[in-house]
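To start, the structure itself, in structure tokens.
Computed from the coordinates by the stated procedures, all read-outs in this text should not be read as laboratory data. Owing to the predicted nature of the structure, the values given are computational and were not obtained by experimental measurement. Note that we place each Cβ from the backbone using ideal geometry, even for glycine, and neighbour counts take in every protein chain shown.
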Amino acid sequence: MKKTFILLALILCAALVGCHQPAASQGGAASSPQESSGAASTPPAEEPDASTPPVSEQRATLYIGTKAGGFAEYSMTYQGELTPERLIQGIEELTGWNLTLSEDVTSGKGGMGVSLSYESSLFTGPPDPQKEEFHMYDAEQLAETILDSIQKTLQEGFTLEGGDPDALDIWYYTEGTKPLELSNPDLSWPIDQPYQWTGAERGN
């Protein structure tokens, strides 16, 4: 009887130990997702932001020549907003002429005002050496070409499609809002009149 009791006790202990083993294995299995979640916590590599498109180049046209002799057209690339200053800079880069402005181009109803600095080629003459394609033979030819080229380029660049470029008046003046006066050639233009080469007043 005593042996039977001991045997039953051993069987009961074995059963109890067996009942605790699944709990331990469940606890071990529960640790596995924690390890995998730790690996998943590493942030993925950042991808390039496709929401911002690259800045694309645009094209504008520069006109070099005179109203009397005609104009040659040249393509210019630019980025961002097209401004009168950018077009004048484009003429400068193309031809090699110094077209420094004394102030930004002014825009108003029906026209634009352009003030060329005394440092510009309009007053100091062409560069030395000149670019062969834009070689000027005297000061008067240079002045007419500079003034007509800027006028034509601004008119064409800022006239809406279907509009009349000649309707956009261009006024020239110099530093201190003074009338445009040249000593070589001896020419001047009234500040209260839109520019036309033929409207120049010649000195004595």
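Points worth noting:
- Between THR198 and GLN79, the contour length at 0.36 nm per residue exceeds the alpha carbon distance by 39.3 nm.
- Selection among GLY125, LEU160, ALA200 by position relative to the dipole of region 58-202 gives LEU160 as farthest towards the positive end (Cβ unit charges, Cα centre).
- Distance-filtered residues of region 62-80 - backbone nitrogen under 18 Å, label point 7 angstrom along GLU133 Cα→Cβ: 62-66, 70-78
- Förster radius 35 Å - calculated FRET efficiency between GLN58 and ALA167, Cβ distance, rounded to 0.05: 0.90
- Environment charge at THR177 (Cβ cut-off 12 Å; Lys +1, Arg +1, Asp -1, Glu -1): -2
- The spacing between region 153-196 and region 84-142, judged by their C-alpha centroids, is 12 Å.
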